[in-house]
Amino acid sequence: MSDRDRKQRFQRGPQTGRDSSRDQGQGQGRPGHDQGRRPPRRDRETGGDGVAVLYGWHPVTLALANPNRTIRKLWLTENAARRLSDEKIETRVTPELVRPEDIDRRLGPDAVHQGMLAEVDPLEGPDLDDLPQDGMVLVLDQITDPHNVGAILRSAAAFKVNAVITTNRHSPEATGVLAKSASGALELVPIIAVPNLARALNQLNDQGFMTVGLDSEGSETISAVPLSAPLALVLGAEGKGLRHLTRETCSVVARLDMPGEIKSLNVSNAAVLALYIGASKLGLMN
């Protein structure tokens, strides 16, 4: 295959044999877009047929190092390929060398890809029954912003969270912007997607988890709650917060009190603070 043919194939994206996209409740992509038109953002972030797209140094190199991650295709610029070789990182598949602007066309001009793009199979999450009976898990109640979810995953990895539980619907795919924001945490923190969050919380309660919902209307501050392991911290979407049924299912609803004029935090920042308090009270910071 000539360099020109490889470049054209890359610009078209993966050839799966059929067009497909996944509706995540935030607008469905339209495969088969007209030539010359920019594809929808959703299609630029996912490869179709359940394929996840990772880009940037940390997401791609940690995926390459993860034996449980199947790498389908890998595109590298010459500089990125040289850096991988210098750091003795195995690519596991034969990469295709492309120009930086080729990756720009695939992802969009705002994506900081550092000359690396990979198509991978999504990782399978564990069952709720398999969660350890120590440490912490995070539960996300319909948090849809991929930047926030990615940042939360990165914090979860820093605090050795056992899993992040989210919903099948009204949550972003573990790909694209989310993966870049997570900075490799997708390879470190299992994600469990459940069809019904209240049912999942009830199961966690039955398994001995202390389920603590974070809500501005909580009866007491989380720092005053006697936390115990295994601990599940439940975070709601910005603006809406925890849904009523989620709040009712938690064993405790607590708040984060701020001493300054601004009383609320971005949900990813609230996650960091709650994780720090939880880890400190469970003795995980030693």
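Considered as a group, the residues in the stretch 81-96 that are acidic (Asp, Glu) and farther than 21 Å from Thr70 by Cβ include one that is farthest from the chain's Cα centre (by Cα), and that residue is Asp86.
Within the option set Leu204, Leu214, Leu188, being touching a residue at least 40 places away in the same chain (Cβ under 8 Å) and within 14 Å of Val253 (Cβ to Cβ) holds for one residue only, Leu214. Looking only at residues in the stretch 246-274 that are of a type in the set (Ser, Thr, Tyr) and within 25 Å of the chain's Cα centre (by Cα), the one that is surrounded by the most Cβ atoms within 10 Å (Cβ to Cβ) is Thr246. Just one of the listed residues (Asn162, Asn148) is surrounded by fewer than 24 Cβ atoms within 10 Å (Cβ to Cβ) and assigned to a loop (DSSP other than H, G, I, E, B), and it is Asn162.
Could you tell me whether Leu153 is assigned to a helix (DSSP H, G or I) and either surrounded by 21 or more Cβ atoms within 10 Å (Cβ to Cβ) or modelled with pLDDT under 95 (or both)? It is true that Leu153 is assigned to a helix (DSSP H, G or I) and either surrounded by 21 or more Cβ atoms within 10 Å (Cβ to Cβ) or modelled with pLDDT under 95 (or both). Number of residues in the stretch 229-240 that are surrounded by 12 or more Cβ atoms within 10 Å (Cβ to Cβ) and either among the small types (Gly, Ala, Ser) or not assigned by TED's automatic domain parsing to the domain that holds Gln133 (or both) equals 4.
The values are calculated or read from the model by the stated rules, or taken from the named source; none is laboratory data. Note that the structure is predicted; figures quoted are calculated from it, not measured. Because the Cβ atoms are built from the backbone with ideal geometry, glycine has one as well, and the counts that use them run over all protein chains shown.
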